[in-house]
Amino acid sequence: MKNRFNLFFVSPAFVSLVLFCATWVFSGCATKPVHEGGFQKAQWETKALIRNLKEQKTQSVNIDIMAIKNDRARLEITALLGFQVASLVMSPKEISYAIYPEKKFYYGRNSESAVARMIGLPLHPMNLTYIAFDEPVRGMGWKCYSDAIGLIARCENAQRAIRVEWKDRNEGQKKVVITAPQFEMQWLFKAPQTEVEFKSETFTLKQPEGFKAIQIN
């Protein structure tokens, strides 16, 4: 009589094949490590807690960033439950953004004062993308420092008492803290998507119907 347990015999060769296939599948699905600053375009999902200490107001928002390094960027800002707060597109020289609760559309020259009315921080808006790409903050009076492995760690503008710090890096995730007189922003980044293709209209923003247009000088 045949041993019934022979029905369940598996050859060593078959086991090896299964283990090889499993290893291949899981290694293919694993998230590839992200090297900060080692890509030219990316998309981030972020959350920011913004404190206006002067007015004693705190706002929590989601900020989706789509950017090409040193060239163009788009920011979509939403509040809780997906309520749309603002859309912004910019290049180093030009900017336009819509503030939905106010039904206002701003456009014109990109400068340090361009978005001060929106976030209350005298920082050139392109620096928000430099921060995302782990690059030094640019502009008069800024000094930046790297950590032990060469990644940007903090930037300071002593004259304006503004400080930017990169913290808690973990496989592309990070926390950025921006502090200034009467202002604080804690900015949490998920790991970026770096294999992206942007459409031409991604970096175009038209005046929404019914919005008041305001030119930025």
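The values are calculated or read from the model by the stated rules, or taken from the named source; none is laboratory data. Small disclaimer: the values here were computed from a predicted structure and weren't measured. Methodologically, a virtual Cβ is constructed for each residue, glycine included, from the backbone with ideal geometry; neighbour enumeration extends over all protein chains shown. To get the accessible areas, we keep the full protein, side chains included, count just its heavy atoms, and leave off ligands, DNA and RNA. Shrake-Rupley method; radii C 1.70, N 1.55, O 1.52, S 1.80 Å.
Overall, the accessible surface of segment 86-217 at a probe of 1.4 angstrom is composed of carbon and sulfur to the extent of 47 percent.
Under the combined filter of DSSP loop state and at most 12 neighbouring Cβ atoms within 10 Å, segment 110-190 retains these GluC sites (Glu not before Pro): Glu171. Here each label is just a point 7 Å from Cα along the line to Cβ, and for Ala213 and Gln186 those points are 4.2 nm apart. Once the mean of 1/r is taken over each pair of separate Cα atoms and inverted, segment 93-217 shows a Kirkwood hydrodynamic radius of 16.3 Å. Annotation for segment 87-183: trypsin sites (Lys or Arg not before Pro) lying in DSSP loop with at most 11 further Cβ atoms inside 10 Å of their Cβ are Lys93.
Calculated FRET efficiency, Glu195 to Glu76, Cβ-Cβ distance, R0 = 22 Å: about 0.65 to the nearest 0.05.
With coordinates expressed along the principal axes, the C-alpha atoms belonging to segment 34-75 extend over 38, 21, 14 Å, beginning with the largest. Label separation (Asn52 vs Ala116): 1.5 nm, computed from points 7 Å beyond Cα along the C-beta direction.
Computed over protein heavy atoms with a 1.4 Å probe, the accessible surface of segment 58-178 works out to 49 Å² per residue. For segment 63-156, chymotrypsin sites (Phe, Trp or Tyr not before Pro) meeting the loop criterion (DSSP other than H, G, I, E, B) and having at most 15 other Cβ atoms within 10 Å: Phe83.
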